[in-house]
Amino acid sequence: MNMQSKIEAEILQPQQAPRWRRRALIALPVLALIGGFTVANRESPAPPPPPAPVVTVAQPLVRDVNEWDDYIGRFEASQTVEVRPRVSGQIVAVHFTDGQIVKKGQVLFTIDQRPFAAALAEARAGLASARSDLALARADLGRAQRLLADQAVSKSEIDRLQARVLATQAALAAAQARVRSRALDMEFTQVRAPIGGRVSDRRVDAGNLVAAGDAATSSMLTTINALDPIYFSFDSSEALFLKAKRAREKGAQVSPVEIRLQDEGDYRWKGRLDFTDNGLDPKSGTIRGRAVLDNPGMFLTPGMFGNMRLANGGTVKALLVPDAAVQTDQARKSVLVVGPDGSVAAKPVVVGPLVEGLRVIRTGLTPADRVVIAGTQLAAPGAKVQARGGRIEPQRTAEAPAIAAPPSGQATLAGR
C-alpha cells in the first residue's frame, strides 16, 4: 500500500489512526484555509483613505457700515384741534368737503349773522351817544372855566362839570368795548380753521343749532390734524435708550431716522429724533420717543404703522460674512476657519446686525482669516479639508417683508 492509500485510509477511519496523526489530519484543512487567505491578502493591497472634503473659503468682507436700531411705531399728527363754535346760533353754510386739506384761516362754517349784526349796530349807536355826551360835557366845562375868572361861576360848579367829563369819558370807553365785543361775536359767526391740515367730516349739517361754551358743553363741529410735519411715536427698551445716550455722550450728532411703510421695501421716509420722554414706564420698562418728518404731500396719515431705524453710532469699519456661515450652539456663535495646512477650527464670534444678506462680526475674526462660506456641513473642527477660493458679496433684495417684531438691530453699507 502506497503513502496516499495510507492517508486516505486514515482519513476514512480516523478512530484507527494514532491521536497525534488524527490531530494533524484535522489541522490540515485549517492551515490550508489560512494560507489561502494570506496569499489572497498579499495579492490585493488595502484601499486608500478617502480624499479630504472640498469646502469654499473666503476672507471676511471689510466695509464701512452705518449701524441702526429697529423700532415699530405709528404716525401721529403734529397738531390736533377740535373745532367748536365761539357763539351760539344756527349753522347756515358749510364751506368744506369732508377730508379736505384746509389752510389756516379758511372759513369752515357760517353761523346766522343777523342777531349779531343787530347787536353790533346797537353797540355802535351807543358809542355815538357816548361820544355826543362827552362832547357836550367838555363844552360845558370850557364855558364854566372862562366864567371862573370873572367869578360868575362857583368853584363847586367847575368840579361838577369836570366829574361829568370824566364820567362821559368812561361811558365812551364802555361803549367802545361793547362795539368790539359785538364785532368779535360777528366775526365768530364765521368759524375758521385755526391750523392748516386735513379736516375730518362735519359733525353738524347746515340748519342745526350749535351752542358755544367750554369744551364740555359746546358743540363739536369737526377736527383738524396738522400733517406737515408729522410725528412718528415709538417705544424704546431701556437697553437701546442707554445705547443712544452713550453715543450722544461720545459726541454723536442728532440721530437721523429712516422709516418704511408695511408695503415698502426701502426706507424712503427721512426724519430726525426730536423728543424722548422724561422717564421710563415702570410697568413695561420702556420709554416713549418721537421723530418728526416732513410730509409735504400729506401722504402719511396718523395711525399708520411703520418700521423705523435709528442711527446709533455713525459709520464704522466692519467685517462681514454670509449669515449662513455663522453657526449657533445654544447661545454661542462661531465661525469655521481653515488654516494653512487645511485644518478646520471653530472661532467664537460676537455678531451684529444683518446687512444685505451679510452678518456683521463685531469680534472674533481678523481680515486675514479664511472663513468657510460653503460646505460647512462637510467640515468639522480638527478635520482636514481642501480649501477652494470663493468671494463674499452683498445681496440686495427688493422684497418688502411684512411688519413683525424687530431684530436686535440693523445696519447699512455706508454711501448707499
For the stretch 200-227, pairs from a residue that is open to solvent by 40 Å² or more (accessible area, probe 1.4 Å) to a residue that is assigned to a loop (DSSP other than H, G, I, E, B) and acidic (Asp, Glu), with Cβ under 6 Å and 6 or more apart or across chains, are Asp201/Asp98
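I need the full set of residues from the stretch 181-199 which are in a helix (DSSP H, G or I), among the hydrophobic types (A, V, I, L, M, F, W, C) and surrounded by 15 or more Cβ atoms within 10 Å (Cβ to Cβ), in order please.
Hits for the stretch 181-199 are Ala183, Met186, Phe188.
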Cβ pairs under 7 Å, 6+ apart or interchain, first in the stretch 104-132 and small (Gly, Ala, Ser), second in a loop (DSSP other than H, G, I, E, B), ordered by first then second residue, are Gly105/Ala193
Filtering the stretch 155-172 down to residues that are of a type outside the set (Lys, Arg) and either touching a strand residue (DSSP E or B) at 6+ places or on another chain (Cβ under 8 Å) or open to solvent by 50 Å² or more (accessible area, probe 1.4 Å) (or both) yields Ser156, Glu157, Asp159, Gln162, Ala163, Leu166, Ala167, Gln169, Ala170
In the set Arg164, Arg178, the lone residue that is part of a helix (DSSP H, G or I), within 28 Å of Ala123 (Cβ to Cβ) and modelled with pLDDT of 95 or more is Arg178
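Quick check, is Ser236 open to solvent by less than 20 Å² (accessible area, probe 1.4 Å), modelled with pLDDT under 95 and not in a strand (DSSP E or B)?
It is false that Ser236 is open to solvent by less than 20 Å² (accessible area, probe 1.4 Å), modelled with pLDDT under 95 and not in a strand (DSSP E or B).
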Expected single match for modelled with pLDDT of 80 or more, open to solvent by less than 100 Å² (accessible area, probe 1.4 Å) and of a type in the set (A, V, I, L, M, F, W, C) among Val54, Val39 is Val54
Only unsatisfied item for Glu264, checking (1) open to solvent by 30 Å² or more (accessible area, probe 1.4 Å); (2) part of a loop (DSSP other than H, G, I, E, B); (3) of a type in the set (D, E, K, R), is (1)
So the strands (runs of 3 or more DSSP E) completely within the stretch 61-154 holding 2 or more residues that are open to solvent by less than 30 Å² (accessible area, probe 1.4 Å) and touching a helix residue (DSSP H, G or I) at 6+ places or on another chain (Cβ under 9 Å) are 61-83
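Take Arg203 and decide whether it is in contact with a strand residue (DSSP E or B) (Cβ under 9 Å, 6 or more places away or on another chain), on the phi < 0 side of the Ramachandran plot and not β-branched (Val, Ile, Thr).
yes
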Requiring at least 1 residues that are out of contact with any Gly (no Cβ under 8 Å at 6 or more places or on another chain) and surrounded by fewer than 18 Cβ atoms within 10 Å (Cβ to Cβ), the strands (runs of 3 or more DSSP E) wholly within the stretch 301-380 are 305-322, 326-329, 332-338, 344-348, 350-355, 358-363
Please work out if Val257 is open to solvent by 40 Å² or more (accessible area, probe 1.4 Å), out of contact with any His (no Cβ under 7 Å at 6 or more places or on another chain), over 30 Å from Pro381 (Cα atoms) and touching a residue at least 24 places away in the same chain (Cβ under 8 Å).
-> no
Q.
Against the condition of a type in the set (D, E, K, R), within 30 Å of Ile101 (Cβ to Cβ) and out of contact with any strand residue (DSSP E or B) (no Cβ under 8 Å at 6 or more places or on another chain), how does Asp263 come out, does it pass?
A. yes
Contact list, first residue from the stretch 286-309 and over 21 Å from Ser255 (Cα atoms), second anywhere and among the small types (Gly, Ala, Ser) and in a strand (DSSP E or B), beta-carbon distance below 6 Å, six or more apart or interchain, is Pro302/Ala77
Test: Asp274 is in contact with a strand residue (DSSP E or B) (Cβ under 6 Å, 6 or more places away or on another chain) and either outside any loop (DSSP other than H, G, I, E, B) or without any contact (Cβ under 8 Å) to a residue 60 or more places away in the chain (or both):
yes
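The values are calculated or read from the model by the stated rules, or taken from the named source; none is laboratory data. What you are looking at is a predicted structure, and each value in this text was computed from that prediction instead of being measured. Ideal geometry is used to build each Cβ from the backbone, glycine not excepted, and the neighbour counts take in all protein chains shown. Ligands, DNA and RNA are stripped out before the accessible areas are found, and what is left, the full protein with its side chains, is counted by its heavy atoms. Shrake-Rupley method; radii C 1.70, N 1.55, O 1.52, S 1.80 Å.
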